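The values are calculated or read from the model by the stated rules, or taken from the named source; none is laboratory data. All values reported here derive from a predicted model rather than from experimental measurement. Every residue, glycine among them, receives a Cβ derived from its backbone with ideal geometry; neighbour counts consider all protein chains shown.
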Amino acid sequence: MSYLGRFAPSPTGPLHLGSLSSALASWLDAKAHQGTWIIRIEDIDTTRCKPHWSQWILNQLSACGLQSDGPIVYQSNRTELYFQNLVQLMPTQRLYLCGCSRLQILQAQARSTSKPPLSNLIYPGTCRSKAALERQHYTNLPQEPWGTSSQTQHAKEYFHFWKFSKDQSVRITVPDVCYRWCDRRLGEQQQNPSHEVGDFVLKTRDNHFSYQWAVVIDDIAQGVSDVVRGEDLADNTPRQLMLYDLLKHTRPRYLHIPLVLTQEGKKLSKQTQAPALDPLQSSLDLNRAALHLGLTPSNHAIPERLLHWVQEWSALYKDPRHSDIKIG
């Protein structure tokens, strides 16, 4: 399998040191494997994501010498792809509509004696007994391959689907199965998502496709072979593995890097008032990110230090499939 990695920020604000560390790690891993690195803007939630932040993020990355090797994809332009794959998943009989609010889920969990007291939001399966979501429930979809029908037909399909599922999310049944994988940094991992999250959402009540669904569909469509991201997202991996298996697609390899923490020991994020990176201080910020990743800070020009860090990264995360390290 040829290597293709990605950095996929959500444009809800500018990059901070934590997100730059993830971007740098994913870029270095791609170059250490003589692979391709792409940027994907995860702006599927148009209520929170703003176009001007997308350009801001791209400018911040460019100032650090991190540029996409291919066209930049925007999730907000890929709704049809997510819808198409959701339709193709219906024959599994594992999709159903759910009208539960977050408060109702919390109340149901609080009443349960079999769950720990609100430690995690675990869906109790309230709507699971509903009939499985099927094509004929909402529209008469054409039988020819997707993309051959007219734009008018596509618009009709969307209208019927959204009308049918108005104010209801689409959930997927999660089997009582333990998913195992080997993280390149964390080692052997396992989780039973039915015990940790329960049936999870693929389409939200306000008609956005969920992160779990969009990221898997995009990674498959773009041919992503390796996912390098922050350790806080490791908990998402079992749900995504389940979707890969259900879609009969090869799982990617995973590498979860350490989180950048605040002085209070919390994850550095927009929620913890993480300061935005200044493109005029990209050299300093790159060194801070490199130091966090266990690399040696440098005062050389950015292209030179990136090349040196590729060599260091290769030594930290050796892979017998690849040998000579090249860049550019």
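Scan the range 10-27 and tell me whether some residue there is in a strand (DSSP E or B) and out of contact with any Pro (no Cβ under 7 Å at 6 or more places or on another chain).
The first filter runs over the range 10-27 and keeps only residues in a strand (DSSP E or B), leaving none.
No: zero hits.
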> Out of (1) over 16 Å from the mean Cα position of the chain (by Cα); (2) crowded, with 16+ Cβ neighbours inside 10 Å; (3) at pLDDT 95 or above, what's the single condition that is false for R229?
Replying inline: (1)
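More than 24 Å from S314 (Cα to Cα), modelled with pLDDT of 90 or more, surrounded by fewer than 24 Cβ atoms within 10 Å (Cβ to Cβ) and not assigned by TED's automatic domain parsing to the domain that holds R184: which single residue out of D43, D69 fits that description? Walk me through how you get there before you give the answer.
Working: D69 fails: more than 24 Å from S314 (Cα to Cα).
Every option except D43 fails the conditions.
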>> Under 7 Å between Cβ atoms, which residue pairs at least 6 apart in sequence (or on different chains) link something in the range 1-22 that is in contact (Cβ under 8 Å) with a residue 24 or more places away in the chain and under 13 Å from G230 (Cβ atoms) with a partner that is charged (D, E, K, R) and assigned to a loop (DSSP other than H, G, I, E, B)?
In response: A8/E42; P9/E42; S10/E42; S10/D43
> Looking at S26, S22, which one is polar (S, T, N, Q), in contact with an Asp or Glu (Cβ under 9 Å, 6 or more places away or on another chain) and surrounded by 18 or more Cβ atoms within 10 Å (Cβ to Cβ)?
Replying inline: S26
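Condition check: part of a loop (DSSP other than H, G, I, E, B) and among the basic types (K, R). Does R239 satisfy that?
Details: part of a loop (DSSP other than H, G, I, E, B): no; among the basic types (K, R): yes.
Considered against the rule, which asks whether it is part of a loop (DSSP other than H, G, I, E, B) and among the basic types (K, R), R239 comes out as no.
Quick check, is H33 surrounded by 20 or more Cβ atoms within 10 Å (Cβ to Cβ), in contact with a Lys or Arg (Cβ under 9 Å, 6 or more places away or on another chain) and farther than 16 Å from R229 by Cα? Step through it out loud before you land on a result.
On the way: surrounded by 20 or more Cβ atoms within 10 Å (Cβ to Cβ): yes; in contact with a Lys or Arg (Cβ under 9 Å, 6 or more places away or on another chain): yes; farther than 16 Å from R229 by Cα: yes.
So H33 passes the test.
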> Got a number for residues in the range 178-226 being under 19 Å from L97 (Cβ atoms), in a loop (DSSP other than H, G, I, E, B) and over 13 Å from the mean Cα position of the chain (by Cα)?
Replying inline: 8
> If you go through the range 57-74, how many residues are over 13 Å from S26 (Cα atoms), of a type outside the set (S, T, N, Q) and assigned to a helix (DSSP H, G or I)?
Replying inline: 3
> Do you know which residues across the range 72-106 are hydrophobic (A, V, I, L, M, F, W, C) and within 18 Å of the chain's Cα centre (by Cα)?
Replying inline: I72, V73, L81, F83, L86
> If we keep just the residues of the range 276-322 that are part of a helix (DSSP H, G or I), free of Cβ contacts under 8 Å to residues at least 40 places away in the same chain and of a type in the set (D, E), which is surrounded by the most Cβ atoms within 10 Å (Cβ to Cβ)?
Replying inline: E312
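For (1) at pLDDT 95 or above; (2) not assigned by TED's automatic domain parsing to the domain that holds D29, each residue gets a yes or a no:
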{"site": "T272", "(1), (2)": "no, no"}
{"site": "N287", "(1), (2)": "yes, no"}
{"site": "L291", "(1), (2)": "yes, no"}
{"site": "V310", "(1), (2)": "yes, no"}
{"site": "I325", "(1), (2)": "no, yes"}
{"site": "G328", "(1), (2)": "no, yes"}
